[in-house]
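I have placed the structure first, in the form of structure tokens, so that the comments after it can refer back to it.
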Amino acid sequence: RSASEPSWVSQSPEQSISKSKQQSSKMMFRSLMMVVVLPLGAVAFVAPTTTHHHDLRGGTTMGARELQRSDEAVEAMLEQQLDEMHVLQQQPKQEVAVPTYVYDFGVHKTDGDGTMKELLGGKGANLAAVAKLGLPCPPGFTLSTEVCRYFYQNDRQYPPELARQVAASMTRLEEASGGNKKFGDGKNPLLVSVRSGARKSMPGMMDTVLNLGLNDETVRGLAAASSGEDFAYDCYRRFLAAYADVVLGVKPKEDEVNPFDAVLLLEGLTDGKAIVERYKAIIKERTGADFPQDPYEQLWFALSAVFGSWENERARLYRQKYGIPSDWGTAVNVQTMVFGNAGTTSATGVAFTRNPATGEN
């Protein structure tokens, strides 16, 4: 062999096997040095030193003395890591508090109360107060004003914990609604309304969206669970028109009749299914995209529209005029739908427990 050729090339099979075992043992030991798991989820990575210090093409890339120094350095580093890990293990574990952004209300669970207008907005705080009194308040949940502040402080992004909290509240809302209703279920759908709710009412905020959760599948479930198709498709077409207006921004052009009103007034359509299909076609014409069929996609678009409306021009001018701070933010209320037009046993209206003029009972 040449002088530059590694010595193990000319070794016997037994010598090579013995040498290989020694190298494997060293590699195993060093592989243990690569990752050290620390408390609180921290992971320290220690770069291992290669054991294959010979170039297979000939020539030595690391001499024995250098390799020994490298081994000693790695072992010293490992001892230091173990010492640090031992110290951390002796320290008490710290639990990181997760901020609460979503507050339930209803007889099943009410997190807030009437004093929390700064956090839940005027509407959200009052809904919590009514629920705590045990009155028959349709259940729901409120996204706090903290979400709105985070939304604008982080380039219109949501807190990372928000999606999980919204999903958990929606699950509890399904359980509280009775009748095994599920959000997005084709047989027995849970439908919700979405409303803005700052601590003070002001113009410019997003209008209410009703019947959110309806789509081409859930409308059939609503028809089966209610008075029939006429009612269900009337709810669907109203939802499409409102959602297109306040969430997707489909507005009449200058000197144009509202395109959804035109379907009824000018085109003369009366069949509920035909009207729904025409409304969906208008949405695609005006926005370039199909109406979202995923109920959760509908919900997140609506939530973003509410928070976005906090900074529209009318709302900003109103706050400037009346000295309302912009960092108040708005809350959003998601509430189970109830219907005043579901049949002869349903109605809608307003009731007062006091004379609104004098305050008398």
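General observations
- Toward the positive end of the charge dipole of the range 205-309, with +1 on the Cβ of Lys and Arg and -1 on the Cβ of Asp and Glu, the farthest Cα among 213, 246, 307 is that of 307.
- The calculated FRET efficiency for residue 257 paired with residue 97, based on their beta-carbon distance and R0 = 41 Å, is about 0.15.
- Alpha-carbon centroids, the range 132-193 and the range 340-354: separation in whole Å: 24 Å
- Gyration tensor verdict on the range 285-361 (Cα atoms; rounded if a/c is under 1.5, prolate if a/b is larger than b/c, oblate otherwise): oblate
- For the range 237-276, the gyration tensor built on C-alpha atoms gives an oblate shape. Its axis ratio a/c (a ≥ b ≥ c) is at least 1.5, and a/b is not larger than b/c.
- Cα-only Debye scattering, the range 175-217: base-10 log of I(q)/I(0) at q = 0.25 Å⁻¹: -0.85
- Cα-based equivalent ellipsoid, the range 179-326: semi-axes from gyration tensor eigenvalues, Å: 29, 21, 12
- Ranking 243, 150 by solvent-accessible area of protein heavy atoms (1.4 Å probe, all protein chains present), from largest to smallest, gives 150, 243.
- FRET efficiency, residue 187 to residue 156 (Cβ-Cβ, R0 35 Å, nearest 0.05): 0.45
- Local net charge near residue 323, Cβ-Cβ under 14 Å (Lys/Arg +1, Asp/Glu -1): +4
- Largest to smallest in accessible area, the residues 300, 310 fall in the order 300, 310 (1.4 Å probe, all protein chains included).
- List 117, 280, 253, ordered by accessible area with a 1.4 Å probe, largest first: 253, 117, 280
- Once the C-beta distance of residue 207 and residue 360 is scaled by a Förster radius of 30 Å, the resulting FRET efficiency is 0.35 to the nearest 0.05.
- Prolate/oblate/rounded label for the range 117-198 (Cα gyration tensor, a/c 1.5): oblate
- Put simply, the C-alpha atoms of the range 225-304 give a gyration tensor, and the ellipsoid matching it has half-axes of 19, 19, 10 Å, longest first.
- Gain on full stretching of the segment that runs from residue 171 to residue 75 - 0.36 nm per residue minus C-alpha separation: 29.3 nm
- Net charge of neighbours whose Cβ lies under 12 Å from the Cβ of residue 211, counting Lys and Arg as +1 and Asp and Glu as -1: +1
The values are calculated or read from the model by the stated rules, or taken from the named source; none is laboratory data. Quick caveat, the model's predicted, so the values are computed rather than measured. Please note: Cβ atoms are built from the backbone with ideal geometry, for glycine as well, and neighbour counts cover all protein chains shown. Accessible surface areas use protein heavy atoms only, side chains included; no ligands, DNA or RNA. Shrake-Rupley method; radii C 1.70, N 1.55, O 1.52, S 1.80 Å.
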